[in-house]
Amino acid sequence: PRQHAKTLWYDRPRYVFLEFCVEDSRDVRVDIEEQRLVFSCKNADGVEFYNEINLYARVNSKDSQEKRSDRSITCFMRKWKEKVAWPRITKENIKPAWLSVDFDNWRDWEGDEEVERAMVEEYAEV
């Protein structure tokens, strides 16, 4: 039987990150499309995992990639519209039970941008 992998996500100015928490994964497949991500793999016990996410906004699939470790598979997807915060990862305004915000990596980067812009303007005046 197939089941969903526990998934964490967080937002950055240029990328959106998704981490599928599957230890000792094998037969990993990640298809990153412009508006959708499909993930599948098996764990050491042969349990099949499958997640399909219709994305909140478009991503550049050619400038997106995934990285596998012993504990998880992390996908970083380049946003089409950079510096636009995503309030959620899914197109639909529903939160699946298997999907959570990665609060360890989440940062409110909107404030960072204002500080950065103020610094640039300050230097421009000098």
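The values are calculated or read from the model by the stated rules, or taken from the named source; none is laboratory data. Only a predicted model underlies this, so the values are computations on that prediction, with no experimental measurement involved. Please note: Cβ atoms are built from the backbone with ideal geometry, for glycine as well, and neighbour counts cover all protein chains shown. Just so you know, the surface numbers come from the protein's heavy atoms only, side chains and all, with ligands and any DNA or RNA stripped out. Shrake-Rupley method; radii C 1.70, N 1.55, O 1.52, S 1.80 Å.
So the values come out like this:
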quantity	calculated
Looking only at segment 41-55, and only at residues there that are surrounded by fewer than 19 Cβ atoms within 10 Å (Cβ to Cβ) and in contact with a strand residue (DSSP E or B) (Cβ under 8 Å, 6 or more places away or on another chain), the one that is farthest from K95 (Cα to Cα)	A44
Unmet criterion (only one of (1) over 24 Å from K83 (Cβ atoms); (2) at pLDDT below 95) for C41	(2)
Qualifying residues in segment 1-34 (those that are assigned to a loop (DSSP other than H, G, I, E, B) and over 22 Å from W106 (Cα atoms)) - the one most open to solvent (accessible area, probe 1.4 Å)	P1
Filter result (in a strand (DSSP E or B) and either polar (S, T, N, Q) or over 15 Å from R12 (Cβ atoms) (or both)) within segment 56-82	N60, S61, K62, S64, Q65, E66, K67, R68, I73, T74
Positions within segment 33-61 being among the β-branched types (V, I, T) and under 16 Å from S72 (Cβ atoms), in sequence order	V47, I53
Residue match in segment 43-51 (condition: on the phi > 0 side of the Ramachandran plot and not in a strand (DSSP E or B))	yes
